[in-house]
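Read through the structure below, which is laid out as structure tokens, and then see the notes.
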Amino acid sequence: MTDTPSPPTRRRISEAVLGWLQHPTPADLAEQVASWSAEHWEIARWAIQVHGIGPLLYTRLRQTQYWQELTPALQRYLADQYALNRQRINLLLAELEAVLAAASVAGIAIVPLKGGVLATHYYDDPALRPMADLDLLVRPDDESRLARLLVRLGYTPTDATNRHRSYVLGPAEQPIVTTDGEHPDNPHGLELHTAIHEHFWGITYDLSADLWTGCRPAQFGSATGMLLEPVMLFQHLLIHAGADMLACKARFIRLYDLYLVAPRLSATDWERLLDAAQRRREERLLYAPLSVAERYLGPIAPAAVMARLAAGVPPRLCNYLVRLDLYHVSFCNPLSIPLGDKLHWYRHGREQLVALRYLLLPSPGEMREYYPRMKRYWGLPLAYLNHGRQVFLWPLQRVLRLPRHAWVHRARGGQ
């Protein structure tokens with residue numbers, strides 16, 4: 001490919017695609033796409049895949065005048081993504097029901113997290129919410145019993161990190177059918193959590209002590225599981241989306257989740273959310289995803305709540321968020337993120353020094369989380385070598401404008 005689109009062009013196209021989902025109506029598609037080449041349309045398709053919005057776009061545009069402005073190839077892609085994701089979600093939810101039913105018989109309480117609860121209790125059509133795997137929360141005392149139960153159900157243990165233990169139904173190694181979006185035959189797993197926390201270079205938000213509060217039995221298809229309170233689900237989604245922004249793997253679908261859950265929160269719930277963030281001095285991990293989500297989707301949190309959250313956020317981060325868009329902190333952006341952008345999240349002094357320590361010299365436990373497939377001990381030196389190489393390449397990639405993830409952009413001409 002001799003003339004790849006410039007970063008501003010990639011950014012403009014990626015952000016335009018998100019605009020097609022904005023409330024209340026998408027922008028004038030005909031004017032936007034009039035000069036797009038085949039390569040521009042591939043950038044748009046890639047943005048749709050990155051942000052997990054293929055099924056949403058299909059249902060939003062299919063019956064409107066905008067549909068005919070899309071290329072036939074993109075029309076087919078969106079229709080396929082909706083149909084394939086429906087099959088995939090049906091498969092995952094059937095597995096969820098089977099695990100919940102068996103756990104109920106064994107007297108083990110399980111809380112479905114993220115996609116499992118969103119697809120079943122918040123999205124009108126479960127096929128609109130892509131899911132990579134099933135995330136389940138269990139009390140620490142029940143973890144070993146549930147692990148044995150999963151093995152009896154045909155699950156194979158795979159990876160283990162400080163955050164969760166992973167399982168797959170069937171053999172541990174399963175082939176990837178396609179890398180171009182959702183597909184029912186692509187591998188999917190089950191991640192078993194006994195605690196819920198997010199952390200990135202010293203920013204930590206632990207929900208473990210609070211998450212079971214207010215849980216109640218509810219139906220997940222034909223089986224019964226424990227349903228999170230809306231405020232606890234919302235808080236979990238916020239810290240997960242905030243950590244994704246920090247890690248530069250943000251997705252629009254996570255912001256759309258916030259948009260769907262927020263109306264279920266009462267005035268008391270918003271006060272609880274504020275109190276939880278202020279007690280931890282981690283308003284930033286809630287404020288950042290909310291502020292970006294509101295730019296794309298309109299008001300989500302009460303203005304007074306946003307103002308009180310902002311009061312606890314480092315001023316440099318507030319200023320950074322004003323000019324931040326999802327392109328910059330997602331896989332749509334092929335370039336390495338400047339270190340200074342990440343340091344905006346940290347208060348001057350000790351916090352920034354701690355962040356640099358995490359960057360330069362992670363602990364063995366952190367390395368096992370960064371590289372979950374390495375063997376417990378003998379893989380550690382190799383992981384440190386790989387991490388050192390990545391730290392060295394970071395500024396080099398910036399100078400030479402090399403893709404930060406060559407495996408993502410190799411087939412797309414550096415898009």
Indicate the gyration tensor shape class of the stretch 101-228 (rounded, prolate or oblate), computed on the Cα atoms with a ≥ b ≥ c the square roots of the eigenvalues: a/c under 1.5 is rounded; otherwise a/b larger than b/c is prolate and the rest oblate.
rounded
When Lys and Arg each count +1 and Asp and Glu each count -1, what net charge do the other residues less than 15 Å away from A218, Cβ to Cβ, add up to?
0
Please identify the helices of the chain, taking whole runs of DSSP H, that span at least 30 Å along their own axis as judged from the Cα atoms and have a mean Kyte-Doolittle score of -1.0 or higher.
72-106
Treating only the Cβ atoms of Lys and Arg (+1) and Asp and Glu (-1) as charged, compute the dipole magnitude of the chain about its Cα centre; round to the nearest 20 debye.
1100
Report the gain in length on full extension from T179 to D141: 0.36 nm times residue separation, minus Cα-Cα distance, nm rounded to one decimal.
9.9 nm
Cα centroid of the stretch 205-245 to Cα centroid of the stretch 30-87, whole Å
31
Once the Cα gyration tensor of the chain is diagonalised, semi-axes √(5λ) in Å
31, 27, 25
Counting Lys and Arg as +1 and Asp and Glu as -1 over every other residue whose Cβ sits under 9 Å from the Cβ of D257, the net charge comes to +3
Calculate, for Q87 and A218, the FRET efficiency according to 1/(1 + (r/R0)^6) with r their C-beta to C-beta distance and R0 35 Å; round to the nearest 0.05.
0.90
Pull up all non-local amide H partners of L335: gap of 5 or more, or a different chain, and H-to-H distance under 5 Å with H placed in the peptide plane.
R404
Cα-derived Rg over Rh, computed across the stretch 231-329 with Rh taken as Kirkwood radius:
0.92
Within the chain, helix-based [θ] at 222 nm, where runs of 4 or more DSSP H residues each add -39,500 (n - 2.57), nearest 500:
-16000 deg cm²/dmol
Using 0.36 nm per residue of separation minus the Cα-Cα distance, give me the extension gain between L153 and A79 in nm, one decimal.
23.3 nm
Compute the distance from the alpha-carbon center of the stretch 255-274 to that of the stretch 332-348, in whole Å.
28
Considering the options P364, L260, V322, tell which one lies farthest towards the positive end of the dipole of the stretch 255-364, charges being +1 on Lys and Arg and -1 on Asp and Glu at the Cβ, about the Cα centre.
P364
Cα-based shape type of the stretch 165-226, given that a ≥ b ≥ c are square roots of the gyration tensor eigenvalues and the cut on a/c is 1.5:
oblate
Extension gain, A98 back to A209 (0.36 nm per residue minus Cα-Cα distance, nm)
37.2 nm
What does the charge add up to near H164, with Lys and Arg as +1, Asp and Glu as -1, over the other residues with Cβ less than 13 Å from its Cβ?
-3
Under a 5 Å amide H to amide H cut-off, with H placed in plane at 1.01 Å, what residues pair with R251 once short-range neighbours are removed?
none
Order the peptides 277-288, 335-346, 212-223 from the highest to the lowest mean number of other Cβ atoms within 10 Å of their residues.
277-288, 335-346, 212-223
At a threshold of 8 angstrom on Cα-Cα distance, excluding pairs fewer than six apart, so keeping six or more, what relative contact order does the stretch 178-225 reach in percent?
19
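Laboratory data are not the source of any read-out in this text; all were calculated from the coordinates shown. Worth saying up front: this structure is predicted, and the values here are computed from it rather than measured. Heads up, the Cβs are rebuilt from the backbone with ideal geometry, glycines too, and the neighbour counts pull from every protein chain shown.
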